[in-house]
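K.L.:
Submitted below is the structure of interest, expressed as structure tokens.
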Amino acid sequence: MRSFVKYKIIYFLLLLFVLSCGGQNLFSKKNRSKLNIVDYQRYLNKKFKKRRRKSTKYIIVHTSEAGKVSTLRTLSEGKRVGPRRRTRGGHANYTILRNGRIYKILDHKYRADHTGLSMWNGLKDLSSHSIGIELVGYHYGKITVEQYRSLTPLLKELQRIYNIPDKNILTHSQVSFGRPNTWFRNNHRGRKRCALNFNRSRAGLVGRWTYDPDVAARRLTSDYQIKKVFYSAYNKNMVKTSPEKTEKILEMVKIEEAVKQELVTSSNIISADNTAWNIAGEDYNDSKTIYILPNGEKVRGNYAGSEIGWSNIPTGTKVILNQPEIIENSDDPVKIISGDLTAWSYAGKGYKKRSTFYIFPDGRIKDGTRIKDWDSLPLGVRMIIGYIGPFPLGSEKGKTAWGIAGKQYNKKETVYVIPGIGIVTGDKMGSFNDLPKYSKLFLKRRKNGMESKPYTGQR
Ligand SMILES: [Zn+2]
């Protein structure tokens, strides 16, 4: 009986020991993997070449402007950029899901291709000098509490490893710049709106840049919204003053910033001072950007310029980015090349055929065999597939629309290029007389007398 009790005690002690060991292990394991990082590196594009950065001076925070699935795929495998070109992936070192889960896309010691055209304090190509962290979500949406909860220790750890001060944690929207475009005559900020809603204090950051060094040095033109969100409070209040006063100003700035953050998160609606550019940056004319007009009508970014006009988009129009492309049947023979809708996506292998024509914004016309540099086709190039021409139009016999096209002269599939007017399909031509000099006509090519199958495009 006694020995039984003794065994019981020994057994109990043993159990206690095992339990405490287990507990200890769990605790330390939990401690070690406090960041709970999912290793996603095996999904990295095989063509991605791992190489070290030139230096590690900055950490760049992004919002992916997409949901989880598309973010992970794009960051790891790459995205389509030209008619036949995909990027090689490796577009971030980490991404953080809305639930706070961290995914390691590429080890932090390697250069991720995440900033594109970028500059900070005179230093260009920030991808070669920074670690990239993508937060799943939209710059006009909310960065979740869980995302901040994971981001904060991740930043701390990386800052410790590379000795990076708070100040040098920046958003992609702060460091990217764009070449001259519809809105700017010079190199400028604002190409990206990425992480505009990033709240530094919620990520535990104290130090910060109070001005844009490249705008200050006149290397770049300032962008209204970027300036407003990141620096305006400082420009207004930051005068050389006593430390006490500076403290007060900083406190004020904090409040102002909180108000602004609220503004940013509801800022995907067009108003007098919130333009398409303000909301979407370089994606303003992208086919995946959708404009929802106050009457509910939806227009894709690649059509908004020509159908509405950039300065006429009605107040109250909602702008949403990265909407998956739904391929709808479009019987419009004239296709528009945009960021995601490439020559390849419209014509497939036929993109470089002699019967595929490209009509440039400046009026030049080239067939598919005459284009050498596919990656730099300007956005807005129109394309027609399966045509013969161009036939010059004139008043002489055989040079009239009827003379060339016969019964097809006023059909939708017959395409006219009219100087000063643009590209018009036969069914939309007002008059066929007195066309300006150098007007041209394209005829749909017929195969064995059969009408060739119309291509499925998308608007
Ligand atoms: Zn970005």
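Only the coordinates and a few stated rules stand behind these numbers; no lab work does. In this text, all values refer to a predicted model and were calculated from it rather than measured experimentally. Ideal geometry is used to build each Cβ from the backbone, glycine not excepted, and the neighbour counts take in all protein chains shown.
K.L.:
Would you mind giving the three semi-axes, in whole Å and largest first, of the ellipsoid equivalent to the stretch 276-320 according to its Cα gyration tensor?
P.N.:
14, 11, 10
K.L.:
For Cα pairs less than 8 Å apart in space and 6+ apart in sequence, what is the mean separation divided by the residue count of the stretch 276-320, i.e. the relative contact order in percent?
P.N.:
Result for the stretch 276-320 is 41 percent.
K.L.:
How would you rank 99-111, 55-67, highest first, on the average number of other Cβ atoms within 10 Å across their residues?
P.N.:
55-67, 99-111
K.L.:
If you don't mind, another one. Determine the gain in length on full extension of the stretch N410-S306; use 0.36 nm per residue of separation and subtract their C-alpha separation, reporting nm with one decimal.
P.N.:
Gain in length upon complete extension: 35.2 nm.
K.L.:
Assuming R0 = 22 Å, what is the FRET efficiency of V424 and D273, from their Cβ-Cβ distance, to the nearest 0.05?
P.N.:
E between V424 and D273, to the nearest 0.05, is 0.05.
K.L.:
How high is the FRET efficiency between K437 and L117 when r is their beta carbon distance and R₀ equals 45 Å, given to the nearest 0.05?
P.N.:
About 0.65, to the nearest 0.05.
K.L.:
For the stretch 38-220, compute Rg over Rh where Rg is the Cα radius of gyration and Rh is the Kirkwood radius from the inverse mean 1/r over Cα pairs.
P.N.:
Working: Rg = 15.6 Å, Rh = 16.5 Å.
We get a ratio of 0.94 for the stretch 38-220.
K.L.:
Tell me the Kirkwood radius of the stretch 350-435: reciprocal of the mean inverse pair distance over distinct alpha-carbon atoms, in Å.
P.N.:
13.8
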